[in-house]
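The values are calculated or read from the model by the stated rules, or taken from the named source; none is laboratory data. From a predicted model like this one, the values you see are computed outputs, not experimental measurements. Heads up, the Cβs are rebuilt from the backbone with ideal geometry, glycines too, and the neighbour counts pull from every protein chain shown. Surface accessibility is based on the protein's heavy atoms, side chains included, excluding ligands, DNA and RNA. Shrake-Rupley method; radii C 1.70, N 1.55, O 1.52, S 1.80 Å.
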Amino acid sequence: LSSNSVFDGKKPHVKPTNKLCPINEYGCQKAEVEKFIANHIPNASILRLTKVMHHEMKLLNDWRQKLKKNKKIYAFSDLTFSPVSIEQAINKINLLSEKKMRGIYQLSGEKDITYYDYAKSFAEKIGFSKENVIEDSYKNKFNYEVPAFTSLMNV
């Protein structure tokens, strides 16, 4: 399994054939492993995933608990992700395995969304007011370059 972090995030819906250009250590490590696999394990499949979401992930549990207590949650308006469900990820892994597919594949959400917009939608979906979702800035907090896009072309 790999990640959208092998790309710099300057364009949405990146093709699997685009040149790898990571901007952080995590992406560099994933790119290095991809290159090794491509050069040494010809029958392998590489699956690049964007953010895999599930109902019990810590972030969503934390948000849920705070909203239940009528507390504020803070979410980044300058950091995007392209969510896919854990079910989608499992189905794609099963397909690649069952059909013995080889090469580089990608699974991404349809679009990029900010954590802030996602949090507002999440709050409303579980029956709470989006008024308790407060806009925060990743760049101001961490002073770290972030990709504008995380989405990949699904292949």
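Residues to consider are Leu67, Leu49; find the one that is of a type in the set (A, V, I, L, M) and under 20 Å from Leu152 (Cα atoms).
Numbers: Leu67 fails: under 20 Å from Leu152 (Cα atoms).
The match here is Leu49.
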Please verify whether Ala31 is small (Gly, Ala, Ser), within 30 Å of Ser129 (Cβ to Cβ), buried (at least 16 other Cβ atoms within 10 Å of the Cβ) and at pLDDT 95 or above, treating the condition exactly as stated. no
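Residues of segment 92-119 being in a helix (DSSP H, G or I) and within 17 Å of Asn4 (Cα to Cα), which ones?
Across segment 92-119, the qualifying residues are Lys92, Ile93, Tyr115.
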Taking the options Leu67, Leu59, name whichever one is hydrophobic (A, V, I, L, M, F, W, C) and either open to solvent by less than 40 Å² (accessible area, probe 1.4 Å) or in contact with a Cys (Cβ under 9 Å, 6 or more places away or on another chain) (or both). Leu67
Does segment 56-71 contain at least one residue that is assigned to a loop (DSSP other than H, G, I, E, B) and either within 22 Å of Asp112 (Cα to Cα) or within 15 Å of the chain's Cα centre (by Cα) (or both)? yes
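Condition check ((1) under 23 Å from Glu25 (Cβ atoms); (2) aliphatic (A, V, I, L, M); (3) touching a His at 6+ places or on another chain (Cβ under 9 Å)) across all residues:
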| residue | (1), (2), (3) |
| --- | --- |
| Leu60 | no, yes, yes |
| Gln65 | no, no, no |
| Leu96 | no, yes, no |
| Ala123 | no, yes, no |
| Gly127 | no, no, no |
| Lys130 | no, no, no |
| Tyr144 | yes, no, no |
| Phe149 | yes, no, yes |
Quick one: which residue in Phe128, Phe122 is modelled with pLDDT of 95 or more and not in a helix (DSSP H, G or I)? Phe128
Is it fair to say Ala75 is hydrophobic (A, V, I, L, M, F, W, C), part of a strand (DSSP E or B) and surrounded by 20 or more Cβ atoms within 10 Å (Cβ to Cβ)? yes
